[in-house]
Amino acid sequence: MPVPRPHLGEPIALDLLNTRWIDAGGPQDLLTDVAGLRRWLAENDLAVEADAPMLRAVVAAREAILRTVRGESADDLNRVLEHGRIRRTLTPAGPTAEPDVRHAEWFPAWLAADNLLNLLAAAPDRVKQCAHPNCVLWFHDTSKNGTRRWHSMATCGNRAKATRHYAKKTHPDE
């Protein structure tokens with residue numbers, strides 16, 4: 001039985017980052033094999049055939065997205081984006097904009113990279129890493145005032161509050 005991922009439902013770029021997490025068993029990585037890639041694709045409603053070249057492309061995109069959101073470099077993200085484009089056409093039903101990715105193995109990777117561009121264009125300050133020091137998960141802050149700190153209040157937020165409460169009880173003079 002695969003280990004359940006702790007935080008689903010984020011936009012695809014951040015969901016890709018969240019294929020790595022830490023639980024009681026230590027660091028976890030969903031994308032160590034093609035079976036994990038299949039699971040990630042299914043969780044994101046991507047009906048494409050997973051294989052080893054696609055796994056390498058998706059892992060490369062994950063690393064590129066991570067470097068970009070950390071503010072380290074966008075060069076690798078731009079290399080992922082070079083694998084595709086948005087093709088705009090006019091059809092009898094009206095204008096369309098469809099992804100056009102040259103090599104099928106890069107399709108999910110390109111979608112995730114393109115999604116990050118959309119998130120950054122809309123609100124770059126809303127792409128956040130959980131504030132808990134032992135959490136590596138990312139989220140898109142959709143709170144009204146943009147001050148969300150935890151990927152989940154039920155887990156990391158409560159842990160942080162409990163830690164502060166315990167510290168006050170055991171060290172009241174500090």
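The values are calculated or read from the model by the stated rules, or taken from the named source; none is laboratory data. Computed from a predicted model, the values in this text were never measured in an experiment. Glycine also receives a Cβ, built like all others from the backbone with ideal geometry; neighbour counts cover every protein chain displayed. Heads up: the accessible areas ignore ligands, DNA and RNA and are worked out on the full protein's heavy atoms, side chains in. Shrake-Rupley method; radii C 1.70, N 1.55, O 1.52, S 1.80 Å.
At-a-glance table
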{"item": "Degrees between helix 158-170 axis and first principal axis of the chain (Cα, 0 to 90, nearest 10)", "result": "20 degrees"}
{"item": "Helix axis angle, 107-122 relative to the chain longest principal axis, alpha carbon, degrees", "result": "60 degrees"}
{"item": "Relative contact order [Cα under 8 Å, 6+ residues apart], region 64-138, whole percent", "result": "21 percent"}
{"item": "Gyration tensor verdict on region 13-71 (Cα atoms; rounded if a/c is under 1.5, prolate if a/b is larger than b/c, oblate otherwise)", "result": "oblate"}
{"item": "Region 1-160: relative contact order in percent, alpha carbon pairs under 8 Å with at least 6 residues between", "result": "23 percent"}
{"item": "Unmatched cysteines, the chain - criterion: no other Cβ of a Cys under 4.7 angstrom", "result": "C156"}
{"item": "Overall form of the chain per C-alpha gyration tensor (a/c, 1.5; a/b vs b/c)", "result": "prolate"}
{"item": "Probe 1.4 Å, protein heavy atoms only - accessible area per residue of the chain in square angstrom", "result": "59 Å²"}
{"item": "Protection proxy ranking, peptides 40-46, 97-103, average beta carbon neighbours within 10 Å, highest first", "result": "40-46, 97-103"}
{"item": "Using alpha-carbon coordinates, inclination of helix 52-69 to the longest axis of the chain, degrees", "result": "60 degrees"}
